[in-house]
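Student: Quick one: the structure is below, questions incoming.
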Amino acid sequence: RQADGRKVLRSSIREFLCSEAMFHLGIPTTRAGTCVTSDSKVVRDIFYDGNPKNERCTVVLRIASTFIRFGSFEIFKPPDEYTGRKGPSVNRNDIRIQMLDYVISTFYPEIQEAYSDNTIQRNAAFFKEITKRTARLVAEWQCVGFCHGVLNTDNMSIVGLTIDYGPFGFLDRYDPEHICNGSDNTGRYAYNKQPEICKWNLGKLAEALVPELPLEISELILEEEYDAEFEKHYLQKMRKKLGLIQLELEEDSKLVSELLETMHLTGGDFTNIFYSLSSFSVDCDPSELEDFLEKLTSQCASVEELKVAFKPQMDPRQLSMMLMLAQSNPQLFALIGTKANINKELERIEQFSKLQQLAAADLLSRNKSHWKEWLEKYRVRLQKEVESVSDADTWNTEHVKIMNSNNPKYILRNYIAQNAIEAAEKGDFSEVRNVLKLLENPFQEADVFREVKEDEEEEGATATASAACAEETRSRLSYCSKPPLWASELCVT
């Protein structure tokens, strides 16, 4: 951060683990080859709050077919009309042509071959392909609850990979407006904004390709292809997550949105709710339904968790001053604060006030009612699947298999990464290795992971590692459970 070129252990472990986790989830990504640390130290102000500390210098070896990004083409940007800032290679269209030729011929050879005699058509075909790849990529992120954190043009791969793991995070309690980056004050890169911001970045790439690809061509491609490809891929993936393997009905989109709304209303854990649904039976009796409702509501936020989530973040006097300023001097208010942030804080205060009066039993009853209503719609939809096949047992087996291969049991939750980091900073890397093994089998049950670990121990782990494994065995359930309350205090910037 002081232009010293040094990366630290904390961020290196997060990048290493998450890039591997994404690969094993089946999501296009750069890979991690090695993570090497040292005793050399560098000063870092982790939260940019004036409290620096010494951290161990570390190197991550990242692997990808290329690290060229959308932003790589912005080195040709003409001077900005307001700031005068320009790209270092402005007016060097010869270099832009070389870069385009290299990218397309090397990473999109089929396009190069198909349009070798027409450069404009070739470049248009390339832009169409990267548009569709990007749309599919962000659809995959949304379906596992992955938040990137900093989706600027320099963090967008020219071949459609997830690249540059910084302040990322996976959703725990489902909140469509979740912001994983503690320094993203405006929510520009919030979970529900990711599809929109990736489309915006493609627009910036389109601008950077002029004159080799006229803007009227690229803008038309973007409008025609991006949203349609995203929605198609997202719904296909969501159907698999819900086990809708036989029919594709128009009503499926509404069923998905109503599921997410129910998850939001009840504070449901995104990963665990989806994982639980594979055990829902289309013909369950009332007692089985009650048992399933207990299972689902156990994955919803408790009153204590909601109080932490909706705890007001602004000092009351500060909020009062901001509200007065918004009325008396709107121009000044616009410079130092946003209306959206103030409204969000007011909503948070209202929710927090209501939670003070809410009993746990009332919350449970309310959550069960919400889930019962949605499950009835889900049961009706599953019944249509069953009625369309000749063998219900075969359908059910395949239905569960598809769900279990599309709904991970394990993701890299922030608190899991934090536990591994804290151990590593004390010189114990066994937890990093444990978590890596776990994430290599995200769809497997815990006993599979246990078998892997037992095999490793037989191969001669050290006494220290064995002790760490014993401790890990005692806490393994937490790997697939909702995060502990202390995890809500974690901040990644």
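Student: Does segment 215-233 hold any residues that are under 19 Å from residue 118 (Cβ atoms) and surrounded by 15 or more Cβ atoms within 10 Å (Cβ to Cβ), and which are they?
Tutor: Hits for segment 215-233 are 217, 218, 221.
Student: Would you be able to say whether some residue in segment 186-199 is in a helix (DSSP H, G or I), under 30 Å from residue 86 (Cβ atoms) and open to solvent by less than 10 Å² (accessible area, probe 1.4 Å)?
Tutor: yes
Student: Next question. Given (1) open to solvent by less than 20 Å² (accessible area, probe 1.4 Å); (2) in a strand (DSSP E or B); (3) out of contact with any Phe, Trp or Tyr (no Cβ under 6 Å at 6 or more places or on another chain); (4) not polar (S, T, N, Q), where does residue 39 come up short, assuming only one miss?
Tutor: Just one mismatch for residue 39, condition (1).
Each row is one residue, and each column tells you yes or no for (1) within 26 Å of the chain's Cα centre (by Cα); (2) modelled with pLDDT under 95.
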{"residue": "284", "(1), (2)": "no, yes"}
{"residue": "303", "(1), (2)": "yes, no"}
{"residue": "321", "(1), (2)": "no, yes"}
{"residue": "334", "(1), (2)": "no, yes"}
{"residue": "349", "(1), (2)": "no, yes"}
{"residue": "363", "(1), (2)": "no, no"}
{"residue": "369", "(1), (2)": "no, no"}
{"residue": "379", "(1), (2)": "no, no"}
{"residue": "388", "(1), (2)": "no, no"}
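Student: Right, something else. Which of the residues spanning segment 330-343 are without any contact (Cβ under 8 Å) to a residue 60 or more places away in the chain and open to solvent by 60 Å² or more (accessible area, probe 1.4 Å)?
Tutor: 330, 331, 332, 334, 335, 336, 339, 343
Student: Here is a follow-up. Take segment 243-264 and flag every residue that is of a type outside the set (Val, Ile, Thr) and either open to solvent by 60 Å² or more (accessible area, probe 1.4 Å) or within 19 Å of the chain's Cα centre (by Cα) (or both).
Tutor: Scanning segment 243-264 gives 246, 248, 250, 251, 253, 254, 257, 259, 260, 261, 263, 264.
Student: Also: Out of curiosity, is residue 204 within 28 Å of residue 273 (Cα to Cα), in a helix (DSSP H, G or I) and at pLDDT 95 or above?
Tutor: Here the answer is no, as residue 204 does not meet what is asked.
Student: Out of curiosity, is residue 44 touching a Pro at 6+ places or on another chain (Cβ under 7 Å), open to solvent by less than 40 Å² (accessible area, probe 1.4 Å) and not aliphatic (A, V, I, L, M)?
Tutor: For residue 44, the condition - touching a Pro at 6+ places or on another chain (Cβ under 7 Å), open to solvent by less than 40 Å² (accessible area, probe 1.4 Å) and not aliphatic (A, V, I, L, M) - is met.
Student: What residue, of 71, 87, is in contact with a Phe, Trp or Tyr (Cβ under 6 Å, 6 or more places away or on another chain), open to solvent by less than 30 Å² (accessible area, probe 1.4 Å) and under 17 Å from residue 204 (Cα atoms)?
Tutor: When all the criteria are applied, what remains is 87.
Student: Further, regarding this structure: Failed condition for residue 15, given (1) part of a helix (DSSP H, G or I); (2) farther than 26 Å from residue 140 by Cβ; (3) among the acidic types (Asp, Glu), with all others met?
Tutor: (2)
Student: Only one residue in 364, 375 is among the hydrophobic types (A, V, I, L, M, F, W, C), open to solvent by 60 Å² or more (accessible area, probe 1.4 Å) and touching a residue at least 12 places away in the same chain (Cβ under 8 Å), so which one is that?
Tutor: 364
Student: Quick check: anything in segment 217-231 among the polar types (S, T, N, Q) and touching a Leu at 6+ places or on another chain (Cβ under 7 Å)?
Tutor: Yes, some residue in segment 217-231 is among the polar types (S, T, N, Q) and touching a Leu at 6+ places or on another chain (Cβ under 7 Å).
Student: Given the criterion hydroxyl-bearing (Ser, Thr, Tyr) and either within 21 Å of residue 417 (Cβ to Cβ) or not in a loop (DSSP other than H, G, I, E, B) (or both), identify the matching residue among 34, 83.
Tutor: 34
Student: I've got another one for you. For segment 136-178: of the residues being part of a loop (DSSP other than H, G, I, E, B) and of a type in the set (D, E, K, R), which is most open to solvent (accessible area, probe 1.4 Å)?
Tutor: This residue is 177.
Student: Would you point out which residue out of 95, 111 is in the same structural domain as residue 72 (by the TED database), under 17 Å from residue 70 (Cβ atoms) and open to solvent by less than 70 Å² (accessible area, probe 1.4 Å)?
Tutor: Matching residue, one of 95, 111: 95.
The values are calculated or read from the model by the stated rules, or taken from the named source; none is laboratory data. Nothing here was measured: the structure is a model prediction, and the numbers come from that model. We place every Cβ from the backbone using ideal geometry, glycine too, and count neighbours over all the protein chains shown. Side chains included, ligands, DNA and RNA excluded: accessible areas come from the protein's heavy atoms. Shrake-Rupley method; radii C 1.70, N 1.55, O 1.52, S 1.80 Å.
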